[in-house]
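Beneath this line is the structure, given in structure tokens, with notes to follow.
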Amino acid sequence: MSNKALPFKRYTVTSALPYANGPLHIGHLAGAYIPADIYVRFLRLNGKDVVYVCGSDEHGAAITIKAKKEGTTPQAIIDKYHAQIKASFEQFGISFDIYHRTSERVHHELSQEFFLNLYEKGEFIEQVTEQYYDEDYHQFLADRYITGTCPNCKSEGAYGDQCEKCGTSLNPTDLINPISTLSGKPPVLRETKHWYLPLDKYQPWLEQWLLEGKRDVLKSNVYGQCRSWLKSGLQPRSMTRDLDWGVDVPLDEAKGKKLYVWLDAPIGYISATKQWALDTGNDWEKYWKKQANPADNACLIHFIGKDNIVFHCITFPSILHAHGEYILPENVPANEFLNLEGDKLSTSRNHAVWLHEYLDEFPNKQDELRYVLTSILPETADSEFTWKDFQARINNELVAILGNFVNRVLVLSHKYFGGKVVVGSELTDTDRFIFSELARYPKHIAGSITQFRFREALAQVMNVARLGNKYLADAEPWKLIKTDEERVKTVLNVSLQLTANLAVIAQPFLPRTAQKMFEMLNFEGYDWNLAGGDPLLPAGHQLGEAQLLFEKITDKQVDVQLAKLSNAKAVASIQPAKAVAEAKGNVSFEEFVKMDIRAGKILAAEKVAKTKKLLKLTIDTGLDQRTVVSGIAEFFSPEEIVGKQVSILVNLEPREIKGITSQGMILMAEDADGRLDFVAPQSAVQPGSVVR
RNA sequence: UGCGGGGUGGAGCAGUUGGUAGCUCGUCGGGCUCAUAACCCGAAGGUCACUGGUUCGAGUCCAGUCCCCGCUACCA
């Protein structure tokens, strides 16, 4: 390994802290854990000093919401999920040096230290604002905890941050008749003080460090996102919250306030390292702080999903920079998102492949999942996992290419030479070509890994197995054994050396498989630099037993998983017998008959350009043909609704929407998930028929 | 609304500084039989989202349009 590719002698690698309010799924693995684990294993094989840390993120409002919903305590929630997540990672084989948690004392102390450090330097801006407060529950309310009437469209049930009906983004104080969802009573405004990190002040520095310094380092999706943020100008960001779950703000005047989770979460990387150092007798500061000689600084790499880019590239570096003693990330290789069977992964809809369930249902198939996910990592764009593809990749690639090659070589060696490594006649040009190819691959793969191109790196590993299969097919030792045993000895020697090299380079990607290969070869090669060099197996070396590396995934296994997903979907669509909207006050008959509702028919429908939800409909109301803009595009395509009967409120004030005058409103039923369906006569009626 | 990323043969993806469009899987045909009917060879299949422009020449640069994903800050 040249120093050029790995110029640092010490590495600090982090994977995003999983939020401890639910189990892990394959999206997490593909986003931040498998890439990091490959990278770290590779560094270790190259003899680098590396610490790989992670842990559960256990603070924030979502944990308390979850606890409330399940009628338990935040502590019970985090204990449950921390244990589950940790066990899943261990079984799956993500090779953290430590998997910590942010509820530990060492973390609280370090987070407070960070806050105080910045506080004492006068970095924070202190600001008093008026926020809604629930007097029954004695707490300030997060925006989501407040509902009321939207000042824009007058619909009820708008949230403090956004009206879901008209899409307007709001401040809680904009709401008419705000109600706390905790007590159901109107909240009161109360003054509260918070400490803001002046990101605007760091903007010039960020432009220098990030936009200038990282232009050719960051992946394009990461760089573009950062540039976009910096271009629009940074604003001071509050680093404290009025919450009851988190790290206490270490100031007398801030009793009851907590640190913003995004201040404390990334510090979790550091506190985890600190705990690891305590446990193992290391010095954590070597991995995080600037060293006397900058050449001794560690290389800090954050593996995350794309939802975390701004915090890891802007907020956290700003905090580290403001503190001053810490190193900054060299790179933040963020991945895009992984989809599942055509849909986004969704925890709430249970549309996911859960890691703990996979480990139960596919015992000892960790490497199979690693392989499939690695080959579809969303490195440059969103990608998709399907069970059929999972089966195809395992059966046609792992079993057929890699497993089969290794098996062929071992079986032939045992059959012809009693499982001994033998030396035969001199190498031919073909043999020499194999060795020269073999010498190329480790460099190529190393280059891919250091550039975070893991899919490409894995494909190269598979190409080595392909090379082996072709070599065997061309050399045909099963024929030669009848005429030229010396040549067969050479062919199998070359094949075995190839297999041993394959085991070495497979380690970062398929650690368990590589281990099995080592057992079969009765050889261990925990050094990347062994690959591509001198032959690894000496003459006379005794091989171990041949065993199959992988087995095929059956159609039945795939069907079971697909059924499970559609089951989950069905359950999820029935379940929402929850949160039925509250009853409204009575209206008089006179008020009701003011509504002129008619049966109508959709004559034409088209999508309104540049919108997500809007369809422009032409409706035959019986009275006339008119244009109505309706927010139903997420559930209905224009083609499928043309000709459909609808109920339409025809005497609604016309309203300009996206430059189109909408004359009326289509009546829709909306369930608790926001799913819409038409309310219309069951059989054909004449357009213009009165609905009442 | 603004911004960022993406849109390449049936599927999943590569395409570095512009110079005849590649890979894996699938399909079809052939070979082989050591191997988990696995392996090897060959073939078919793309107007590189669309429209203009720069250039001797563009998937690759510029402008505009459309589609998909994400972010748009005090709810991780």
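The values are calculated or read from the model by the stated rules, or taken from the named source; none is laboratory data. Just so it is clear, the structure is predicted and the values come from calculations on it, not from any experiment. Counting neighbours? That spans all protein chains shown, and the Cβs are built from the backbone with ideal geometry, glycine included. Remember, those area values only see protein heavy atoms, side chains included, never the ligands or the DNA or RNA. Shrake-Rupley method; radii C 1.70, N 1.55, O 1.52, S 1.80 Å.
Looking at A:W284, A:W276 in this structure, which one is more than 16 Å from RNA strand B (Cβ to nearest atom) and touching a strand residue (DSSP E or B) at 6+ places or on another chain (Cβ under 6 Å)?
None of the other options fit; the residue is A:W276.
Taking the listed residues A:L320, A:L359, the one that is more than 18 Å from A:A459 (Cβ to Cβ) and in the same structural domain as A:F303 (by TED's automatic domain parsing) is A:L320, with no other qualifying.
Rundown of residues vs (1) among the hydroxyl-bearing types (S, T, Y); (2) assigned to a helix (DSSP H, G or I); (3) under 30 Å from A:Q235 (Cα atoms); (4) touching a Phe, Trp or Tyr at 6+ places or on another chain (Cβ under 7 Å), yes/no style:
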site: A:N308; (1), (2), (3), (4): no, yes, yes, no
site: A:C313; (1), (2), (3), (4): no, yes, yes, no
site: A:R349; (1), (2), (3), (4): no, no, no, no
site: A:P363; (1), (2), (3), (4): no, no, no, no
site: A:A381; (1), (2), (3), (4): no, no, yes, no
site: A:A392; (1), (2), (3), (4): no, yes, no, no
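Count of the range A:193-226 residues, restricted to those that are within 11 Å of RNA strand B (Cβ to nearest atom), farther than 20 Å from A:L118 by Cβ and buried (at least 16 other Cβ atoms within 10 Å of the Cβ), is 7. Look through the range A:543-568, keep the residues that are within 16 Å of RNA strand B (Cβ to nearest atom) and open to solvent by less than 50 Å² (accessible area, probe 1.4 Å), and return whichever of them is nearest to A:S436 (Cα to Cα). Residue satisfying both the conditions and the ranking: A:L543. Figure legend. Inter-residue proximity from the range A:339-367: first residues on the phi > 0 side of the Ramachandran plot, second residues open to solvent by less than 20 Å² (accessible area, probe 1.4 Å) and at pLDDT below 80, beta-carbon distance below 7 Å, spacing 6+ or different chains. Indicated pairs: A:N350/A:A568. In the range A:1-45, of all residues being open to solvent by less than 20 Å² (accessible area, probe 1.4 Å), of a type in the set (S, T, Y) and not in a helix (DSSP H, G or I), the one that is farthest from RNA strand B (Cβ to nearest atom) corresponds to A:Y11.
Here is a yes/no grid of residues against (1) over 30 Å from A:I505 (Cβ atoms); (2) under 16 Å from the mean Cα position of the chain (by Cα):
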{"residue": "A:D37", "(1), (2)": "no, yes"}
{"residue": "A:V53", "(1), (2)": "no, no"}
{"residue": "A:E58", "(1), (2)": "yes, no"}
{"residue": "A:A76", "(1), (2)": "yes, no"}
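Put simply, of A:W195, A:W209 the only residue that is in contact with a strand residue (DSSP E or B) (Cβ under 7 Å, 6 or more places away or on another chain), modelled with pLDDT of 85 or more and of a type outside the set (D, E) is A:W195.
If you go through the range A:75-98 and keep only what is open to solvent by less than 30 Å² (accessible area, probe 1.4 Å), within 16 Å of RNA strand B (Cβ to nearest atom) and in contact (Cβ under 8 Å) with a residue 60 or more places away in the chain, you end up with A:Y81, A:H82, A:I85, A:S88, A:F89. Here A:Y371 fits the description: among the hydroxyl-bearing types (S, T, Y), within 14 Å of RNA strand B (Cβ to nearest atom) and more than 14 Å from the chain's Cα centre (by Cα). Against the criterion of being assigned by TED's automatic domain parsing to the domain that holds A:N221, surrounded by fewer than 23 Cβ atoms within 10 Å (Cβ to Cβ) and not in a strand (DSSP E or B), A:W245 qualifies. The residue of the range A:265-299 that is farthest from the chain's Cα centre (by Cα), among those that are small (G, A, S) and farther than 27 Å from A:P18 by Cβ, is A:A292. Candidates are the residues of the range A:381-397 that are within 8 Å of RNA strand B (Cβ to nearest atom) and of a type in the set (A, V, I, L, M); the one that is surrounded by the fewest Cβ atoms within 10 Å (Cβ to Cβ) is A:A381. If you filter the range A:418-473 down to residues that are polar (S, T, N, Q) and more than 11 Å from RNA strand B (Cβ to nearest atom), you find that the one that is surrounded by the most Cβ atoms within 10 Å (Cβ to Cβ) is A:T450. Scanning the range A:311-326 for residues that are in contact (Cβ under 8 Å) with a residue 60 or more places away in the chain and surrounded by fewer than 19 Cβ atoms within 10 Å (Cβ to Cβ), we see that the one that is nearest to RNA strand B (Cβ to nearest atom) is A:H321.
Do you know which of the residues in the range A:293-309 that are open to solvent by less than 50 Å² (accessible area, probe 1.4 Å) and within 16 Å of RNA strand B (Cβ to nearest atom) is nearest to A:E330 (Cα to Cα)?
A:H302
The residues on offer are A:K68, A:K48, and the sole one that is open to solvent by 30 Å² or more (accessible area, probe 1.4 Å), touching a residue at least 12 places away in the same chain (Cβ under 8 Å) and in the same structural domain as A:L300 (by TED's automatic domain parsing) is A:K48.
How about the range A:290-306: which of its residues are of a type in the set (K, R) and part of a helix (DSSP H, G or I)? Residue satisfying the conditions is A:K306 alone.
Given A:V332, A:V372, which one is buried (at least 20 other Cβ atoms within 10 Å of the Cβ) and without any contact (Cβ under 8 Å) to a residue 40 or more places away in the chain?
Exactly one of A:V332, A:V372 is buried (at least 20 other Cβ atoms within 10 Å of the Cβ) and without any contact (Cβ under 8 Å) to a residue 40 or more places away in the chain, namely A:V372.
Close Cβ contacts (under 7 Å, 6 or more residues apart or on different chains) running from residues in the range A:249-270 that are without any contact (Cβ under 8 Å) to a residue 24 or more places away in the chain and outside any helix (DSSP H, G or I) to residues that are open to solvent by less than 30 Å² (accessible area, probe 1.4 Å) and among the aliphatic types (A, V, I, L, M) comprise A:Y260/A:M239. Checking every residue in the range A:349-364 against the condition of being aliphatic (A, V, I, L, M), more than 30 Å from A:A506 (Cβ to Cβ) and open to solvent by less than 40 Å² (accessible area, probe 1.4 Å) gives zero matches. Selection of the range A:502-542 for residues being closer than 21 Å to A:F435 by Cα, open to solvent by less than 10 Å² (accessible area, probe 1.4 Å) and either part of a helix (DSSP H, G or I) or in contact with a Ser or Thr (Cβ under 9 Å, 6 or more places away or on another chain) (or both) yields A:L502, A:A503, A:V504, A:I505, A:A506, A:A514, A:M517, A:F518, A:L521, A:W528, A:L537.
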